[in-house]
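Structure first, commentary second.
The values are calculated or read from the model by the stated rules, or taken from the named source; none is laboratory data. Quick caveat, the model's predicted, so the values are computed rather than measured. Positions of Cβ are backbone-derived with ideal geometry, glycine not excepted, and every protein chain shown enters the neighbour counts. Each accessible area value is taken on the protein alone, full model and side chains, heavy atoms only, with ligands, DNA and RNA left out. Shrake-Rupley method; radii C 1.70, N 1.55, O 1.52, S 1.80 Å.
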Amino acid sequence: MPESDCLFCKIIAGEIPSTTVLETDTAYAFRDINPQASVHVLVVPRTHHEDAEELAKAPQELADVIAAGVAVARQEGIDQTGFRLVFNTGEHARRTVFHAHLHVLGGEQLGLFGRPGH
Ligand code: AMP
Ligand code: ZN
């Protein structure tokens, strides 16, 4: 997919509105439009990387995204109660947007990983 067609590139560019949570030089954090927990924030690298594997080829950017995810948890006040950082990859993980993104989930007791309903 060309970057010009990428939803999250458009969000980073401000062409599509989002609710900003945190900004750094290399990462942008915004609220998920369909939250799966009382805190559900997405952290994206400002440059387009298709998925976690591609992002891992730019280790500093990957580290920045993870550090931003932890900073989001602290800012949202869920760092003491606990939070989950997730990269979904591929169909079985229900991945839908092809710009690498880290989910930050918390603010309440989360379900277990894995099968639906678990
Ligand atoms: P994934 O399934 O891991 O690809 O996650 C994509 C996430 O992006 C989902 O949790 C969606 O709810 C979220 N999402 C899709 N469109 C938007 C949008 N315009 N603003 C904020 N979050 C979005
Ligand atoms: Zn993109």
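One table, with the values for the structure above:
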item: Residues that are in contact with a Lys or Arg (Cβ under 8 Å, 6 or more places away or on another chain) and open to solvent by less than 40 Å² (accessible area, probe 1.4 Å), drawn from segment 99-118; result: His103, Val104, Leu105, Gly106
item: Qualifying residue in segment 61-69 (condition: touching a Leu at 6+ places or on another chain (Cβ under 6 Å) and closer than 21 Å to Leu112 by Cβ); result: yes
item: Lone qualifier among Thr89, Thr96 - being touching a Lys or Arg at 6+ places or on another chain (Cβ under 8 Å), within 16 Å of ligand 1 (Cβ to nearest atom) and free of Cβ contacts under 8 Å to residues at least 40 places away in the same chain; result: Thr89
item: Meets criteria (within 13 Å of ligand 2 (Cβ to nearest atom) and part of a helix (DSSP H, G or I)) for Ile11; result: yes
item: Single residue of segment 46-60 satisfying the filter (touching a residue at least 24 places away in the same chain (Cβ under 8 Å) and within 21 Å of Gly90 (Cβ to Cβ)) that is least open to solvent (accessible area, probe 1.4 Å); result: Leu55
item: Any hit, segment 25-45, residues being assigned to a helix (DSSP H, G or I), within 15 Å of ligand 1 (Cβ to nearest atom) and open to solvent by 50 Å² or more (accessible area, probe 1.4 Å); result: no
item: Test result for Ala63, away from ligand 2 (no atom under 16 Å from the Cβ) and buried (at least 19 other Cβ atoms within 10 Å of the Cβ); result: no
item: Pairs with Cβ under 8 Å, 6+ apart, first in segment 1-21 and under 19 Å from His40 (Cα atoms), second aromatic (Phe, Trp, Tyr); result: Ile11/Tyr28; Ile11/Phe30; Ile12/Tyr28; Ser18/Phe30; Thr19/Phe30; Thr20/Tyr28; Thr20/Phe30; Val21/Phe30
